[in-house]
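Accompanying notes for the structure given below.
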Amino acid sequence: MLGALVTSLRPRQWVKNLFVFAGLVFAQKLFTPLAWTALAAFAIFCALSGAIYVLNDVADRESDRRHPDKRRRPIAAGRLPVGVALAAAAALLAASLGASALIGWPLAAVAGAYALLLGLYSVWLKHVVIVDVLVVAGGFVLRAVAGAVAIGVEISGWLLICTILVALFLALGKRRHEWLTLGAGAVAHRPILAHYSAGLLDQMIAVVTASTVTAYALYTMSPETVARFQTPLLPATLPFVLYGIFRYLYLLYQRQLGGNPSELFLHDRPLAVNTALWALVVLAILYGPRLPWGRAE
C-alpha cells in the first residue's frame with residue numbers, strides 16, 4: 001500500500017516544480033544562502049502537487065479505468081483504497097501549507113492559492129473548455145511566483161509571460177495527444193475533449209508556439225533585461241529554445257508522443273540534452289562575471 005501511495009504522488013511529475021527556482025536563478029541569488037529557502041519551497045510544492053495528484057486520481061478513478069494506461073494507476077486499479085488516499089492527501093496538504101507558513105505568509109498565500117486552484121480543477125474546472133488548459137498553465141505561474149516570494153525577490157513580468165506560454169504549449173500538446181490516441185474512447189475518458197478537435201488544437205498550438213518564441217526573444221533583447229543583468233548575451237540562448245520547441249513538435253506530430261510532457265523531458269535524450277545546455281548557457285551568462293575567473297583584474 002505504501003508503494004501504491006508513493007506511485008500516486010507521481011514523483012516523476014515533480015520536475016514541473018523546478019519552475020520554483022526561476023526567481024532564484026534570474027535574481028542572480030543561486031549561490032547565496034537563499035538557495036536553501038528556495039529548495040525548501042521546492043520540497044513544499046512537491047508535497048503539495050503530490051497531494052493534488054492523489055485527489056485528482058480519486059476524482060477520476062472511474063474514467064481512468066477506461067483509459068488503456070491510466071487504469072493501472074493504484075487508485076483506479078484498486079490497490080490504494082479511496083479512504084487511505086484521501087487521508088494521505090489531507091495530511092500532505094496540511095503539512096505543506098503549514099511548512100509554507102513557517103517560511104513566510106506570502107509563500108503560504110501562494111501555496112494556498114495553488115491548492116485551491118488545482119483542487120477546483122480536479123472537481124470542476126477541468127470540465128470547462130479552454131479554462132482547463134489555462135488553469136494548468138496558471139499552476140506553473142504560481143510555482144514561479146512561489147519561488148520568488150519565498151526568497152523575497154521580484155520576478156520579471158516577461159518571465160511570467162514566458163512561463164504561462166510554455167505551460168499552455170505543453171498542456172495543449174497533451175490535449176491533442178489524448179484526443180488522437182484515445183479515438184472513440186476519448187470523450188468517455190475525458191468529457192472535455194468533446195469540445196475540442198484536432199484542427200482547433202493545432203491552431204491553438206500554432207498561436208502559442210509563435211507567441212512563446214516571440215515573448216522569449218523580446219525578453220532576452222529588452223533594454224530592461226540588458227540593464228538588469230548588465231549583459232547583451234541572453235539572445236544567445238534563443239537557439240536552444242527554438243530547438244526545444246521544434247523537437248517537442250516533432251515528437252508530438254511525427255512520433256505521436258506528448259501525453260506526458262514530464263516523461264518526454266526526462267527520457268527523450270535530445271530534448272534533455274538541449275534543456276541542460278540551455279540551463280548551462282543561461283547560468284554562464286548570468287553568473288560568469290560574478291565568479292572569480294569572470295572578474296576583471
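The values are calculated or read from the model by the stated rules, or taken from the named source; none is laboratory data. These figures come from a predicted structure and were not determined experimentally. All Cβ positions, even for glycine, are placed from backbone atoms using ideal geometry, and neighbour counts span all protein chains on display. Protein only, heavy atoms only, side chains kept; ligands, DNA and RNA dropped before computing areas. Shrake-Rupley method; radii C 1.70, N 1.55, O 1.52, S 1.80 Å.
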For the stretch 133-187 and the stretch 225-273, distance of Cα centres in Å: 15
Place +1 on the Cβ of every Lys and Arg and -1 on the Cβ of every Asp and Glu in the stretch 132-194, take the dipole about the Cα centre, and give the residue among Val141, Thr163, Val187 whose Cα lies farthest towards its positive end. Val187
Using 0.36 nm per residue of separation minus the Cα-Cα distance, give me the extension gain between Leu120 and Ala87 in nm, one decimal. 10.0 nm
With Cα coordinates, the longest principal axis of the chain makes an angle with the long axis of helix 198-221, in degrees rounded to 10, of 20
Sort 219-232, 39-52, 129-142 for me by packing, meaning the mean count of neighbouring Cβ atoms within 10 Å per residue, highest on top. 39-52, 129-142, 219-232
At R0 = 35 Å, FRET efficiency that the Cβ-Cβ distance of Arg66 and Ala279 yields, to 0.05: 0.35
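Under a 1.4 angstrom probe, counting protein chains only, how are Trp278, Trp124, Trp36 ranked by accessible area, largest first?
On the way: Trp278 75, Trp124 145, Trp36 185 Å².
Most to least solvent-accessible, the answer reads Trp36, Trp124, Trp278.
Give me D for the stretch 5-59 in µm² s⁻¹, whole number, from Stokes-Einstein with Rh from the Kirkwood sum over alpha-carbon pairs, 10 °C and 1.306 mPa s.
Values: Rh = 12.0 Å.
Taking Rh from Cα pairs, D becomes 132 µm²/s.
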Suppose each label sits 7 Å from its Cα in the direction of the beta carbon; what would the Ala109-Ala94 distance come out to in nanometres? 2.6
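How large a share of the accessible area of the stretch 1-127, in percent, is made up of carbon and sulfur atoms when the probe is 1.4 Å and the other protein chains stay in place? Display every interim value, and only then the final one.
Details: 4270 of 5990 Å².
The nonpolar share, carbon plus sulfur, comes to 71 percent.
Using a probe radius of 1.4 Å on heavy atoms only, what accessible surface per residue do you get for the stretch 97-238? Whole Å² is fine.
Using a 1.4 Å probe on heavy atoms only, each residue of the stretch 97-238 averages 42 Å².
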Give the aspartates and glutamates whose C-alpha is closer than 15 Å to that of Lys16, dropping any in the same chain fewer than 8 places away, or say none. Glu263
Just how far, in whole angstrom, is the stretch 12-42 from the stretch 52-116 if you go by their alpha carbon centroids? 22
Between Leu180 and Ser211, the two model label points (7 Å from Cα along the beta-carbon direction) sit apart by a distance in nm of 2.2
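Divide the volume of the convex hull of the Cα atoms of the stretch 36-149 by its number of residues and quote the answer in cubic angstrom per residue.
Convex hull of Cα atoms, per residue: 101 Å³.
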